[in-house]
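Reading through the structure tokens given below for one structure.
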Amino acid sequence: MRGRKVNWRIALAVCVTVLGTLLAAALLRCSNPAPQPTPPALRQGSAKTSLPAKVRVYRSERKPPPKKHPKHAVKVWLTTHKSRTFRVIQLPRCEHMEAVIAHEPGGETVQQAKKRLGGAAAMTGSFHEPRTMVLADFLQRQGNISSHATTGRWFLAITWGQVSDISDNYLLVKGKSGVSVIALGQRLVPLHRDGFSVRFMNRVTDRMALGLSRNYIFIVQGKSDIWRLAHFMQHELPVRIALNADGGHTVRGKAPVHIVFRWRTPAGRRSLTDGRTSQP
């Protein structure tokens with residue numbers, strides 16, 4: 001009994017000591033509270049304020065480079081390719097250069113059509129019957145059809161005097177107001193047979209061709225076969241598409257249809273007619 005009383009007293013003393021220690025620690029903590037964390041802005045000592053939640057900050061984007069306007073110059077040069085000599089005329093393809101389809105039923109030379117319409121350059125057009133000068137393929141001026149399509153060949157489209165494209169889709173241009181169309185000859189770039197015989201393609205004769213790039217128009221003239229003319233257009237000129245002019249073999253003689261390229265007048269757009277037949 002005496003041992004149990006001693007153990008009880010020891011346990012009581014231990015409990016009182018523990019409670020006293022805990023009480024002292026609690027009092028000390030209350031007298032010295034833990035420091036609160038300082039906001040980042042105050043810690044850095046700066047007076048910056050955050051942007052409102054609805055404000056968005058965008059990075060400046062680079063502006064695309066401006067489109068280069070082709071130089072207003074007519075360049076003419078002679079060059080030799082695969083033992084054939086070609087004369088090349090380079091014209092700017094822009095709103096300052098207009099194309100006019102000249103139709104003289106009695107026939108005229110390239111130089112006569114160029115001089116009559118005040119052109120900077122000219123070329124022959126579609127195929128025709130040499131003796132009667134009757135057109136054999138499609139011709140449309142300002143939406144008015146003068147000769148119907150018979151072969152379905154590729155054509156040059158001119159919209160309000162502006163060279164628009166070379167295509168074979170007649171549904172897009174037939175009878176369209178302000179659109180002039182002339183069917184030319186064989187496609188040279190990319191080269192396509194278009195039903196022509198090898199004999200015709202091998203024939204060496206006077207030829208003219210028209211090629212288009214994004215900024216320039218190219219007129220090529222020379223005595224050649226189709227193969228070498230196409231190879232020259234493909235590898236020596238920066239064109240994406242080109243056509244042979246079926247009337248090219250009469251470049252030294254007369255033809256009823258020509259394509260004349262001329263500068264627009266400062267006062268405004270010239271008349272797009274050929275001066276012989278009235279057009280609306």
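Laid out as a table, the results:
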| read-out | value |
| --- | --- |
| Tally, over segment 197-224, of residues that are closer than 15 Å to Arg87 by Cα and free of Cβ contacts under 8 Å to residues at least 40 places away in the same chain | 2 |
| Residue selected from segment 163-192 under the condition surrounded by fewer than 20 Cβ atoms within 10 Å (Cβ to Cβ) and hydroxyl-bearing (Ser, Thr, Tyr), by the criterion nearest to Trp263 (Cα to Cα) | Ser164 |
| Segment 208-259, subset among the charged types (D, E, K, R) and outside any strand (DSSP E or B), residue modelled with the lowest pLDDT | Arg252 |
| In segment 193-220, the residues that are surrounded by 13 or more Cβ atoms within 10 Å (Cβ to Cβ) and within 22 Å of Lys71 (Cβ to Cβ) | Leu210, Gly211, Leu212, Ser213, Asn215, Tyr216, Ile217, Phe218, Ile219, Val220 |
| Leading residue by the ranking (nearest to His128 (Cα to Cα)) among those in segment 221-249 that are surrounded by fewer than 22 Cβ atoms within 10 Å (Cβ to Cβ) and touching a His at 6+ places or on another chain (Cβ under 9 Å) | Arg228 |
| Top-ranked residue of segment 86-113 - restricted to ones that are of a type in the set (D, E, K, R) and assigned to a strand (DSSP E or B), ranked as surrounded by the fewest Cβ atoms within 10 Å (Cβ to Cβ) | Arg87 |
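The values are calculated or read from the model by the stated rules, or taken from the named source; none is laboratory data. Remember, predicted model here, so these are calculated numbers, not experimental data. Cβ: placed from backbone, ideal geometry, glycine included. Neighbour counts: every protein chain shown.
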